[in-house]
Amino acid sequence: MPRIRNDGASSAYLETFKVSAVLIALFLASFYLLSSVLLPVIISFTLYALSLPFVNYLVRKDINRSAAIIIMLVIMMSLSIFAISVALPQFLQQAAILKNKLPTMLDQFEAFTGHYSAVLGQTLGIEINTTQILGSLLAQSSSLGKNLLGSITEQLFAITLAMILVPVLTYFILKDFKSLRNKLLNWLPNSSFELGWLIYHRVTRQLEAYTRGVMLQSFIIALVASSGFLIIGLEMPILLGSLTGLLNLIPYVGPLIAMLLSVLVAAAMTPFDVNMIYLAIAVIISAQIVDNTIVIPAFIANVVDLHAVLVIVGIIIFGNLFGAIGVILAIPSLAAIKIIYRNIYADIHNDSRQSGGRT
Amino acid sequence: MSNFFWDNIFKASSDEIEDIARHWCSSPLFKNIPKRHVRQLAENMHVRHYQAHETVFREGDQGAGTILVLDGEVCIKARNNTLATLESGDFFGEIALAENDKRTADAICTRDSTLVFFLRQDLEEWIETEPRLGAAFLMNLASVLAQRLHQANQLLARGNA
């Protein structure tokens, strides 16, 4: 039940809303201005968050910081080269197969659902026209899937460019970010200096923990799903498993898309075996059980505490504004906005309380 | 011109860093920590200039770190009672290094002052790269906080007597 607030608290809410609105506008504007280089910048900051503990570990072992960063980058570049030379061609090959097979898969899936709806209709004595229901949905999914897979192949150049740009950016972020951050935050006025640092401290702690948790979560889900698909004998297990891990970054909607993809692949396999569809669904559900019972409680719970409705609305808004990257960035951005709002409110409320008490 | 853009106008000069390190080394917080490490740490501390009567923080504000008075004078007040007047070399607000808690008193500069902030963020980053020195610092911090508690208990006992 909401509490009745006094005038001081109400004006604090209003002030906080004004300040937060300005900050959110600045935040969205900087996103928009950086949109052309957003992907390499985000990847670099993600790698920064992931590699910082390792760099600090090397520094603790009496290795010079610059040398520690170079060692870290050599390891990362070796992994990137390995990924390009070994994993990427296989990944692209599987993506091309999936792209070519997609229309057949959709036809077979439609036939499969049509058959079962007819059986169900006969049993229940009613007429269910799933072809009509699924028609527009599948047509949209097909074109979306084709575009996605097509753009992966077409944007190979952009991906390669990002792979060159990312290590350079990561090096400079690891080397100079702290001093750059200090310079920027030192521009805060005396009255907001401590508050600015506190907000920065809380936001970065949460984002670092969230990034590490989510990367680990994505990797574990990809591993579980790939293994599961491999065991049941589904086609393209590595690609589908990797996509399942990646799609898991999108809450609620991601696992459903991953399930739809694996069902499509299972439905398109020859000879057609309905058990394969059930097994593919079982693999996705198993991965979700592992995610919800082991991974999330251990690595992600308590990191971000956002209401489900807020998450879904945020994903839709960020997705509309910034596309696929926006969908992935929605949760960390919302979490950051929440911390900023809370801290500014606490400060403004304290201000109004103090001035009220002294007059 | 390029210096105007790239130099940090808030960055302390080397004399100032030496001064900050000297003050911290003589404080109980950095007892038994070698001066070269304190100097390294001082390079990343935040030097701020305050005018006379300017508020550093107020009771109820959220604290981000401890503050050293490099130059000038700071008055610590709680409910209009002056608790302490701090001068060059004194430090205050060290509770914020140990806990995310609100400030328990007002701090107001009574003269134009130069203050040095050692933030919890700086401390955590230092502990990540220098855990042994960080542990020594935390022991010193615990000792300072225990001393403050002891003094508060004595004041309370006197008040009750």
Quiz item: Considering region A:37-71 alone, what residues qualify as being of a type outside the set (Lys, Arg) and part of a loop (DSSP other than H, G, I, E, B)?
Solution: A:ASP62, A:ILE63, A:ASN64
Quiz prompt | Residue satisfying condition, being away from every other protein chain (no Cβ under 14 Å), more than 19 Å from B:ARG120 (Cα to Cα), in contact (Cβ under 8 Å) with a residue 40 or more places away in the chain and assigned to a helix (DSSP H, G or I), within set A:ALA258, A:ALA267, A:ALA222 | solution = A:ALA267
Practice problem: Select from region A:273-311 the residues that are outside any helix (DSSP H, G or I) and closer than 14 Å to A:ILE232 by Cα and list them in ascending order. | Solution: A:ASP273
Self-check item: Among residues of region B:92-121, those that are small (Gly, Ala, Ser) and either more than 10 Å from every other protein chain (Cβ to nearest Cβ) or touching a residue at least 60 places away in the same chain (Cβ under 8 Å) (or both), counted
Solution: 4
Quiz prompt | Residue identified as within 16 Å of A:ALA222 (Cβ to Cβ), out of contact with any Cys (no Cβ under 9 Å at 6 or more places or on another chain), of a type in the set (Gly, Ala, Ser) and surrounded by 18 or more Cβ atoms within 10 Å (Cβ to Cβ) among A:GLY314, A:GLY254 | solution = A:GLY254
Exercise. Check A:ILE325, A:ILE296, A:ILE337, A:ILE289 and return the single one that is surrounded by fewer than 19 Cβ atoms within 10 Å (Cβ to Cβ) and free of Cβ contacts under 8 Å to residues at least 24 places away in the same chain.
Key: A:ILE289
Quiz item: Of (1) buried (at least 19 other Cβ atoms within 10 Å of the Cβ); (2) more than 12 Å from chain A (Cβ to nearest Cβ), B:LYS35 satisfies all except one. Which?
Solution: (1)
Quiz item: Residues in region B:52-76 that are away from every other protein chain (no Cβ under 14 Å) and out of contact with any helix residue (DSSP H, G or I) (no Cβ under 7 Å at 6 or more places or on another chain): how many?
Solution: 5
Quiz item: Can you tell me which of B:ALA152, B:ALA64, B:ALA78 is open to solvent by 30 Å² or more (accessible area, probe 1.4 Å) and among the hydrophobic types (A, V, I, L, M, F, W, C)?
Solution: B:ALA152
Quiz item: Would you call B:ARG79 of a type outside the set (Gly, Ala, Ser), within 11 Å of another protein chain (Cβ to nearest Cβ) and free of Cβ contacts under 8 Å to residues at least 60 places away in the same chain?
Solution: yes
Quiz prompt | Total residues in region B:122-138, condition more than 11 Å from chain A (Cβ to nearest Cβ) and open to solvent by 40 Å² or more (accessible area, probe 1.4 Å) | solution = 2
Exercise. Search region A:188-213 for residues that are farther than 15 Å from B:GLY65 by Cβ and pair each with any residue that is modelled with pLDDT under 85 and of a type in the set (Ser, Thr, Tyr) when their beta-carbon atoms are under 8 Å apart and the residues are at least 6 apart or on different chains.
Key: A:THR211/A:THR46
Practice problem: Looking only at region B:38-51, count how many residues are more than 10 Å from every other protein chain (Cβ to nearest Cβ) and open to solvent by 40 Å² or more (accessible area, probe 1.4 Å). | Solution: 2
Exercise. Sort through A:LEU188, A:LEU249 and tell me the only one that's within 11 Å of another protein chain (Cβ to nearest Cβ) and part of a loop (DSSP other than H, G, I, E, B).
Key: A:LEU188
Quiz item: Which of the residues spanning region A:68-86 are away from chain B (no Cβ under 14 Å), open to solvent by less than 50 Å² (accessible area, probe 1.4 Å) and free of Cβ contacts under 8 Å to residues at least 24 places away in the same chain?
Solution: A:ALA83
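The values are calculated or read from the model by the stated rules, or taken from the named source; none is laboratory data. Computed from a prediction, not measured in an experiment: that's the story for all the values here. Cβ atoms come from the backbone with ideal geometry, glycine included; neighbour counts cover every protein chain shown. When the accessible area is computed, the model is the full protein with side chains, heavy atoms only, and any ligands, DNA or RNA have been set aside. Shrake-Rupley method; radii C 1.70, N 1.55, O 1.52, S 1.80 Å.
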